[in-house]
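Undergrad: Next up is a structure, given as structure tokens.
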Amino acid sequence: MNLIAAVDKNWAIGKNNDLLYSIKEDMQFFRSTTLNKIVVMGRKTLESFPNAKPLKNRINIVLSSDKNLKIEGATIVNDLQMLFDELKKYDTNEVFVIGGGAIYKMLEPYCDTAYITEINAEKDADIFFPNLSKMEEWKLIESSDKKEDNGIEFVFNKYIRK
């Protein structure tokens, strides 16, 4: 499985169920990378999307403890066992964990590749991504040239589990 996220200097990803940054090139990268793939997320992440609707042209799997949750266009799973049973239908290279913070933390040990947009900025946040750069089991293998959007510098990095 893959992780995909945009993090700031503190590996922060959000505040009040919203992203910290809106960088057009990062959004395009996210879209092109996950298009026609399987995306795994928590309920709050889904609710943060426009009209709280699943992402188009992707298989949306929502991990939620709410056994009564129903979302048109999404598959709901209530625990890790249900998630892994559902994911058996797919090539794990096609599965992308897209948030939020608790889901990233829960599923990071099961992932082997991470696409991380690292933003050279800091904002107040209440949701964080595991800091892969400080974890021995992860190795940075690719880094783009520095990019800039409205004065915000960022790079696209790819990590793999050692």
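Rundown of residues vs (1) over 21 Å from GLN28 (Cβ atoms); (2) free of Cβ contacts under 8 Å to residues at least 40 places away in the same chain; (3) part of a strand (DSSP E or B), yes/no style:
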residue	(1), (2), (3)
THR75	yes, yes, yes
GLU86	yes, yes, no
TYR90	yes, no, no
VAL97	no, no, yes
ALA102	yes, no, no
TYR115	no, no, yes
GLU142	no, yes, yes
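Undergrad: Can you find even one residue in the stretch 21-42 that is closer than 23 Å to TRP138 by Cβ, modelled with pLDDT under 95 and out of contact with any helix residue (DSSP H, G or I) (no Cβ under 9 Å at 6 or more places or on another chain)?
TA: yes
Undergrad: Return only the number of the condition from (1) in contact with an Asp or Glu (Cβ under 6 Å, 6 or more places away or on another chain); (2) not in a loop (DSSP other than H, G, I, E, B) that LEU107 does not satisfy.
TA: (1)
Undergrad: Output the residue which, of all residues in the stretch 105-162 that are buried (at least 16 other Cβ atoms within 10 Å of the Cβ) and of a type in the set (Asp, Glu), is farthest from LEU19 (Cα to Cα).
TA: GLU108
Undergrad: Okay, moving on. Kindly check whether there is at least one residue in the stretch 120-141 that is under 20 Å from LYS9 (Cα atoms), of a type in the set (Ser, Thr, Tyr) and within 14 Å of the chain's Cα centre (by Cα).
TA: No, because not a single residue in the stretch 120-141 is under 20 Å from LYS9 (Cα atoms), of a type in the set (Ser, Thr, Tyr) and within 14 Å of the chain's Cα centre (by Cα).
Undergrad: In the stretch 19-73, what residues are β-branched (Val, Ile, Thr) and touching a residue at least 60 places away in the same chain (Cβ under 8 Å)?
TA: Within the stretch 19-73, ILE23, THR33, THR34, VAL40 meet the criteria.
Undergrad: How about the stretch 43-53: which of its residues are touching a helix residue (DSSP H, G or I) at 6+ places or on another chain (Cβ under 8 Å) and surrounded by 19 or more Cβ atoms within 10 Å (Cβ to Cβ)?
TA: Once the filter is applied, which keeps residues that are touching a helix residue (DSSP H, G or I) at 6+ places or on another chain (Cβ under 8 Å) and surrounded by 19 or more Cβ atoms within 10 Å (Cβ to Cβ), the stretch 43-53 yields THR45, LEU46.
Undergrad: Which one of these does LYS88 not meet: (1) at pLDDT below 95; (2) open to solvent by 50 Å² or more (accessible area, probe 1.4 Å); (3) farther than 26 Å from LYS134 by Cα?
TA: The number of the failed condition is (1).
Undergrad: With (1) more than 16 Å from the chain's Cα centre (by Cα); (2) open to solvent by less than 30 Å² (accessible area, probe 1.4 Å) as the list, and ASP8 as the residue in question, which single condition is left unmet?
TA: (1)
The values are calculated or read from the model by the stated rules, or taken from the named source; none is laboratory data. Note that the coordinates shown come from a computational prediction; the quantities given were computed from them, not determined experimentally. Neighbour counts are summed over all protein chains in view; Cβ atoms, including those assigned to glycine, are modelled from backbone coordinates with ideal geometry. When the accessible area is computed, the model is the full protein with side chains, heavy atoms only, and any ligands, DNA or RNA have been set aside. Shrake-Rupley method; radii C 1.70, N 1.55, O 1.52, S 1.80 Å.
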